[in-house]
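First up is the structure itself, then whatever we jot down about it.
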Amino acid sequence: MVKQIKSKYAFQEALNSEGNTSVVDFSATGCGPCTMVKSISHPLSEKDPNVVCLEVDVGDCQRLLQSVKSTLPFLKKEQKVGEFSGADKEKLEATINELI
C-alpha cells in the first residue's frame, strides 16, 4: 500500500498502523532518482500487505525531512529498523524481506 503523507500528524498516524513495516520515501517533484526509487518501492508495497510505502514530498514536509537522514528509512511504529540508499531493486527487495 502507498500512502501520500502531507503532515507530521499523518506521518505519525501511518507509522502507528499496527503490524506494518514502513518504507519512507522522501522525494521531490521532478527528481529523476526519486522517480526511479518509486518505481521500485511502490510495487513492493503493493505486493506485500505488511509493507506500506509512505511517500513524503520534501516540499510539503520539511520538518520530517530534518528528522531522518537516509533516502529510505524503514520504520516499525516510530522506531527505525533499517535504511536503504540507491536504486538496486534486488537489494531493496532483500532489505524489505529481512524486515517483515
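The residue of the stretch 42-79 that is surrounded by the fewest Cβ atoms within 10 Å (Cβ to Cβ), among those that are modelled with pLDDT under 80 and among the hydroxyl-bearing types (Ser, Thr, Tyr), is Ser67.
Among (1) outside any loop (DSSP other than H, G, I, E, B); (2) under 16 Å from Thr95 (Cα atoms); (3) modelled with pLDDT under 80, which single condition is Gly82 missing? Only one criterion is unmet by Gly82, namely (3). If you take the residues of the stretch 8-20 that are of a type outside the set (A, V, I, L, M) and crowded, with 18+ Cβ neighbours inside 10 Å, which of them is nearest to Pro43 (Cα to Cα)? This residue is Asn20.
Figure legend. Inter-residue proximity from the stretch 6-30: first residues under 17 Å from Thr71 (Cβ atoms) and modelled with pLDDT of 80 or more, second residues among the small types (Gly, Ala, Ser) and crowded, with 21+ Cβ neighbours inside 10 Å, beta-carbon distance below 8 Å, spacing 6+ or different chains. Indicated pairs: Val23/Ser41; Val23/Ser45; Asp25/Ser41. Hey, among the residues in the stretch 43-60 that are in contact (Cβ under 8 Å) with a residue 24 or more places away in the chain and under 17 Å from Ala94 (Cβ atoms), which one's nearest to the chain's Cα centre (by Cα)? Across the stretch 43-60, the extreme among qualifying residues is Cys53.
The values are calculated or read from the model by the stated rules, or taken from the named source; none is laboratory data. This structure is a prediction, so every number in the text was calculated from the model and none was measured. We place every Cβ from the backbone using ideal geometry, glycine too, and count neighbours over all the protein chains shown.
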